[in-house]
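One structure is given here, and the rest of the page talks about it.
The values are calculated or read from the model by the stated rules, or taken from the named source; none is laboratory data. Since we're looking at a predicted model, the values are computed, not measured. Here Cβ is always computed from backbone atoms with ideal geometry, including for glycine, and neighbour counts include all displayed protein chains.
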Amino acid sequence: MKLFTALSFVALVAFASAADSDKKCTSLEVRKEWRTFSKAERKAWIGANNCLNKKPSNGRLRLVVDTQSDPNPAHRIAPYNESASYFDDLVYAHMNLNSLIHWTGLFLPWHRVYLFEWTNILREECGYDGVVPYWDVDDFEGSEIWDSDPESGLGSFSDDESDDYTIHDGAIDLELAYPVPHRLRRHYIPYPYNISVPFNYNETSAVSTISPEEVDRLLSRPEGNYTAFQGYLESLIGMHSSVHLMLGGDMGTLCPKGTEGTEYCPAQRTATFSTNDPVFHLHHGNIDRLWWLWQEKSETNKNAYHGGAVQNVSSLDIYPTGQPPWLSKSTRLPTAGMWDTYTIGETLDTRSWPFCYVYDCDVELSNNDAAEGSDSERATKRPRIDIPEPEPEPEPNPSTASNTEPNTQPSSTYVPDPDPSSESGLEPPSNSDPDPYATSDEEPDSTQTQPTTHVERFFAKCPSFHYNSSQHIMAEFYRLCASGMVSRDKARQRFRDALTRDFNEMYGVDEGDLGAWQRLCRVLVTDVPDEIEGCRKVVKSRFINIVDLVDTHITENPVLQFRSEAELSSYTKTTGKYFPNDSEHAGSLLKFLLRFIVLPTDAKVGETKEERQAERRD
């Protein structure tokens, strides 16, 4: 391949047609966690990356940054390899743009596009028809993703320093060009920050930065404060860095043996060639998911953006998303020539064209069990959510691509779009404009609306499902099941557990508690008795569904009262509003109330036991 060294970023802009800008998503792709991929789906994704590694360069790569003249060795990269593959060119694009896309305002938008376009290339070049995987890191060391299966496994780690920690198991088969030709390497490093530069022998364990508690803190960043969100996510010692550095080898950008300090690998741990390891996609898929989860919390979060074009790692406390010149939503992202360009604003909503994707529910509710993975048909069908009544798409017009000849030398710095007003009407902030959120408190914002009941927290595990709190909770549950995003059996059990916990918190757990009985009575009558027996008599004389007792607290829908146990039974079976008889969370109060309604009696409201017995004798 002939490499055209290039130019200022602006000369590489490819302009989308007006027809493309008018397109709408007719359905949404559902991205899934790697552990929910079937074996066939894992095999297909790994195989597509192996395939791309065998494809020759397509000749599109154009350099944006003159890395060789940069005085900072962390920004210098290996010279281009003329024998590089298409896969390697995508890696080299990340290498060349390294100083522009980390610790600047491009970090999240650029990597969102990178995963999206890489996957599109897998589809076009290698027939991949699956989705972008992500890895929700919980148990790093014991995770099942370190799979040695020769057909579908990502491989494990190596402890063999003499072999430069090259991995020899799993299905990944890559001949990597950068920084020098080698095979994929991994080496588990639990304390990667315990080195002199740049971490000053910090003894923080990497796994401590990726705990569920850390994720909660990240997602609780103040509403609309993009700077606080990215700053926490991309902190020097934090969840983004930790997964890279823990893996050592290529993901940790540790130089292959004998290359440190040479022109091929001027510095260690620089993030440049980390994309050699396919696990990069799983990690950054999760980084993108975390951003998406924060965006899904409110429209304010979804539209929030602030960042600068210049990296300043020595002052991350002041410029966590880069220093001036400030970028804007109309700023175009650099591409190194590998795909058409996007504005930052176009990347903020994944439900919009051309991204058209959301993320699946919590892993515990997933509708795909990897153990079932022998079905090869499942590897060829992308899970999608249909969007009702889509607007008709206009006929596409041929897009106009720039055919400007590149300059002979790369630009030394990234130049934001010089005329952003021509793209979206948004003016960029001037270089002197302060970050509007720079003085915001870094503590979580307690004013943000949070799920308050177990049922609401259950639905919150599926951010791509828009839970309607004004509808009956069972109707919403069945709508969720119908969406295909969850396993009905897994979801049903966890939903019933949520119902039980909510009942306990709303009414009580002790059958002998007067307050608990009075709380039940208040839902049914206005004149609440002062004694347990009186309350118990009121409740026992009504035919009501226990799910409705929880529902009324959440939706404010009234509790229906039926004339007979048979009517209640019919209603319960029709609506599917069952409480589990054996819930480990049920207290004595709930157990007392549970009625056996599958084979109902013919009891009616107001009848005594003796009257019912007399009717049966007659």
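From the residues in the stretch 214-227 that are of a type in the set (D, E, K, R) and more than 18 Å from Glu141 (Cα to Cα), which one is surrounded by the most Cβ atoms within 10 Å (Cβ to Cβ)? For the stretch 214-227, the residue satisfying everything is Arg221. Of the residues making up the stretch 149-180, those that are among the charged types (D, E, K, R) and in a loop (DSSP other than H, G, I, E, B) are Asp149, Glu151, Asp159, Asp160, Asp164, Asp169, Asp173, Glu175. Modelled with pLDDT under 90, assigned to a helix (DSSP H, G or I) and more than 26 Å from Ser464 (Cβ to Cβ), is that true of Phe592? Yes.
Table: residues versus (1) crowded, with 17+ Cβ neighbours inside 10 Å; (2) over 20 Å from Leu184 (Cβ atoms); (3) touching an Asp or Glu at 6+ places or on another chain (Cβ under 6 Å).
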| site | (1), (2), (3) |
| --- | --- |
| Lys23 | yes, yes, yes |
| Leu28 | yes, yes, no |
| Arg31 | yes, yes, no |
| Trp34 | yes, no, no |
| Ile46 | yes, no, no |
| Asn58 | no, yes, no |
| Val64 | yes, yes, no |
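Which of the residues that make up the stretch 29-55 are charged (D, E, K, R) and in a helix (DSSP H, G or I)? Let's see the steps before the verdict.
Step one: of the stretch 29-55, the residues charged (D, E, K, R) are 29, 31-33, 35, 39, 41-43, 54-55.
Hits for the stretch 29-55 are Arg35, Lys39, Glu41, Arg42, Lys43, Lys54.
Against the numbered list (1) charged (D, E, K, R); (2) under 21 Å from Lys591 (Cβ atoms); (3) touching a residue at least 60 places away in the same chain (Cβ under 8 Å); (4) assigned to a helix (DSSP H, G or I), Asp502 comes up short only at (3). Figure legend. Inter-residue proximity from the stretch 245-271: first residues in the same structural domain as Ala78 (by TED's automatic domain parsing) and surrounded by fewer than 20 Cβ atoms within 10 Å (Cβ to Cβ), second residues part of a loop (DSSP other than H, G, I, E, B) and of a type in the set (S, T, N, Q), beta-carbon distance below 8 Å, spacing 6+ or different chains. Indicated pairs: Glu260/Gln268; Gln268/Thr253. Residues in the stretch 560-579 that are closer than 25 Å to Glu456 by Cβ, of a type outside the set (A, V, I, L, M, F, W, C) and surrounded by 17 or more Cβ atoms within 10 Å (Cβ to Cβ): Tyr571, Thr572, Lys577, Tyr578. Being at positive phi and assigned to a loop (DSSP other than H, G, I, E, B) is a property that does not hold for Gly142. Are any residues in the stretch 503-559 among the small types (Gly, Ala, Ser) and either over 25 Å from Thr453 (Cα atoms) or surrounded by 16 or more Cβ atoms within 10 Å (Cβ to Cβ) (or both), and if so, which ones? Result: Gly508, Ala516, Gly534, Ser541.
Right, His281: outside the structural domain of Ser464 (by TED's automatic domain parsing), in contact with a Leu (Cβ under 9 Å, 6 or more places away or on another chain) and closer than 24 Å to Thr321 by Cβ or not? Spelling it out, His281 is indeed outside the structural domain of Ser464 (by TED's automatic domain parsing), in contact with a Leu (Cβ under 9 Å, 6 or more places away or on another chain) and closer than 24 Å to Thr321 by Cβ. Looking across the stretch 168-198 at every residue that is aliphatic (A, V, I, L, M) and in contact (Cβ under 8 Å) with a residue 40 or more places away in the chain, the one that is nearest to Asp277 (Cα to Cα) is identified as Leu184.
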